[in-house]
Amino acid sequence: MRDSDVLDNNPHISRSALEAIHGQVFGWALSRCNYDQQAAEDLMQQAYVELLTGKARFDNRSSLKTFVFAVVQNLARSRYRRIASRLRLLQAAEAEAADNYVPPAEPRDATVLWKAVQELPRRQRDIVELVFCRDMTIEAAASVMGVSTGTGRVHYDRAKKALRTRLEAIGSRDYD
């Protein structure tokens, strides 16, 4: 890491390392904001402010990717904690609209799979997204979620079993 590339208030983070993971972190921010691009951009800006000012200090106890994902996760939690009741009402309206809408560009199998993932409990859904969509290990995903590795493994195992059961039920309906 070059000295000119290092953040002033976070000496273990380089600008180029942040740029390298920006796309993946933005994808995580999008999922934390229910895919609202403007809210995700605001969340990313807030995360970068935390990193640049040193409020969120990286000390090499995890990978940089895991650390930045956790910063975004924590900021999203605190942001949405204040508006949780309003958000629940919006999600209910969106869910009702989503039940009537099937994206035309996605193949049927991907739509069915994504719908099954979205129906999982929150922690199971998060671990599946982090492991499969964001290319993290279970250990790193558990760290981002703020749970122990053992708890992360339990959520991962339960998510796989629940998805298998749901997808088998859907498959058997297709062949009846």
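The values are calculated or read from the model by the stated rules, or taken from the named source; none is laboratory data. If you're wondering where the values come from, they're calculated on a predicted model, not measured in any experiment. Note: ideal-geometry Cβ built from the backbone for every residue, glycine included; neighbour counts use all protein chains shown.
Restricting the first residue to segment 117-141 and requiring it to be closer than 19 Å to R77 by Cα, which pairs with a second residue that is among the basic types (K, R) meet a Cβ separation below 6 Å and a spacing of at least six or different chains?
Q124/R158
Could you tell me which of the residues Q46, Q38 is in the same structural domain as N74 (by TED's automatic domain parsing), assigned to a helix (DSSP H, G or I) and surrounded by 14 or more Cβ atoms within 10 Å (Cβ to Cβ)?
Q46
Residues R61, R82: which one is at pLDDT below 85, loosely packed, with under 12 Cβ neighbours inside 10 Å and among the charged types (D, E, K, R)?
It is R82.
Out of all the residues in segment 1-11, is one or more modelled with pLDDT of 75 or more and buried (at least 17 other Cβ atoms within 10 Å of the Cβ)?
The answer is yes; a qualifying residue exists.
Look at segment 161-176 and say how many of its residues are at pLDDT below 85 and either among the β-branched types (V, I, T) or part of a helix (DSSP H, G or I) (or both).
So the count comes out to 8.
Condition test on A97, is it over 26 Å from F132 (Cα atoms) and at pLDDT below 90?
Here the answer is yes, as A97 does meet what is asked.
Is segment 115-123 home to any residue that is surrounded by fewer than 16 Cβ atoms within 10 Å (Cβ to Cβ), of a type in the set (D, E, K, R) and either at pLDDT below 80 or more than 13 Å from the chain's Cα centre (by Cα) (or both)?
For segment 115-123, residues surrounded by fewer than 16 Cβ atoms within 10 Å (Cβ to Cβ), of a type in the set (D, E, K, R) and either at pLDDT below 80 or more than 13 Å from the chain's Cα centre (by Cα) (or both): present.
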